[in-house]
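S.K.: What follows is a structure written as C-alpha cells; I'll ask about it next.
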Amino acid sequence: MAPPLTPDQIAHELGGLQVELPPPALVKLSTYLELLLQWNRRVNLTGLKEPRLIIRCLFGESLFLARFIKPAGRLLDVGSGAGFPGLALKLAAPELQVTLLEARRKKCAFLREVARKCNFYGVEVINERLEAWASVSKEVGKFHFITTRAVKMDKSVLSVLGELLDERGSLVITSGKEVAAAIRSSARFLLWRDTVSIPTTLDSVVLIGSSAGNCRP
C-alpha cells in the first residue's frame, strides 16, 4: 500500500485544478483518503489505487465544481459511491446539508464511516435507488443542488431529478463529452450553461442545468 500523502502534498496535487482548501480541510481530506485506501482493499470503491491519482481524479474533480456552483443549502448526491462529488464538497463547504443516495449497502457503510471520522455534520446517507426513494421525497422537500458523477442518465431519470430541484436549483453532472451532449438534448426543461472542461482530464466535463426559475449566469 502506498504511503499516505501529507496535507502539503495534497494541496500541491489540487493546485492543478486551481483548488485551494484551508489547513483544517486538508487534514480532513487526508483522513478521507486514508479511509478510502483502506476500505478499497475489501470493497470496490474505485479502480484507482495510487493516492495522487485519487486526489486529482476524484477529490480534485469534485472540489473543482465549487468554483462554478458555490454550494450552499441542501445538496442531493445521486449514486454517491465513495462520496464523489457530494461528500467531498463538504471539504469546501462545511455548512452544506448533504444527502447521499447510494444503492449498495457496503458503500453506504463507508460513507457513514467517513462522515464520522471526518466530523462531517449535516450528512444523511440513504441506502436506496433513486426511483424508489423519489416516491417519498416530497416529504423532505426540494434541493438547491443535485450532483451526480458517471451515473447513467435517461429521460425518466432526468425528469425525476428535475422534480427534486428547488425552483432556483441546479443539476450538476460530471460526465464524458458525448454523454453531456446527449443529456443537454434530452432535458430541455432545464436551462443549460456552457459545458465546462475539467483541466486534468481529456474527456470529462461539468454540465450544469438550472430550473426555469433560476436565471443566474
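The values are calculated or read from the model by the stated rules, or taken from the named source; none is laboratory data. Predicted, not measured: the structure shown is a model, and the values here were computed from it. Cβ sites come from the backbone with ideal geometry, for glycine too, and all protein chains shown count toward neighbours.
S.K.: Can you report the number of residues in region 19-72 which are of a type in the set (Lys, Arg), under 25 Å from residue 197 (Cα atoms) and surrounded by 14 or more Cβ atoms within 10 Å (Cβ to Cβ)?
M.R.: Looking only at that region, the number is 2.
S.K.: Let me ask something additional. Looking at region 199-216, which of its residues are at pLDDT below 90 and more than 17 Å from residue 144 (Cβ to Cβ)?
M.R.: 199, 200, 201, 202, 203, 204
S.K.: Out of all the residues in region 184-200, which are in contact with a helix residue (DSSP H, G or I) (Cβ under 8 Å, 6 or more places away or on another chain) and part of a helix (DSSP H, G or I)?
M.R.: 186
S.K.: If you check every pair at least six apart or on different chains, which have Cβ atoms under 8 Å apart with a residue in region 97-125 that is at positive phi first and a residue that is among the acidic types (Asp, Glu) and assigned to a loop (DSSP other than H, G, I, E, B) second?
M.R.: Between residues of region 97-125 that are at positive phi and residues that are among the acidic types (Asp, Glu) and assigned to a loop (DSSP other than H, G, I, E, B), the close pairs are 122/95.
S.K.: Ok, one more. Suppose we keep only residues that are touching a strand residue (DSSP E or B) at 6+ places or on another chain (Cβ under 8 Å) and modelled with pLDDT under 90 within region 162-174. Which one would you say is surrounded by the fewest Cβ atoms within 10 Å (Cβ to Cβ)?
M.R.: Across region 162-174, the extreme among qualifying residues is 168.
S.K.: While we're on this one: Taking the condition within 17 Å of residue 78 (Cβ to Cβ), among the β-branched types (Val, Ile, Thr) and under 18 Å from the mean Cα position of the chain (by Cα), does residue 173 pass?
M.R.: Yes, satisfied.
S.K.: Looking at (1) farther than 19 Å from residue 172 by Cα; (2) within 17 Å of the chain's Cα centre (by Cα); (3) buried (at least 18 other Cβ atoms within 10 Å of the Cβ); (4) not hydroxyl-bearing (Ser, Thr, Tyr), which is the one condition that is false for residue 122?
M.R.: Here residue 122 clears every test but (3).
S.K.: Another question, then. Just the residues that are closer than 24 Å to residue 163 by Cβ and in contact with a helix residue (DSSP H, G or I) (Cβ under 6 Å, 6 or more places away or on another chain), please, taken from region 54-79.
M.R.: 71, 78
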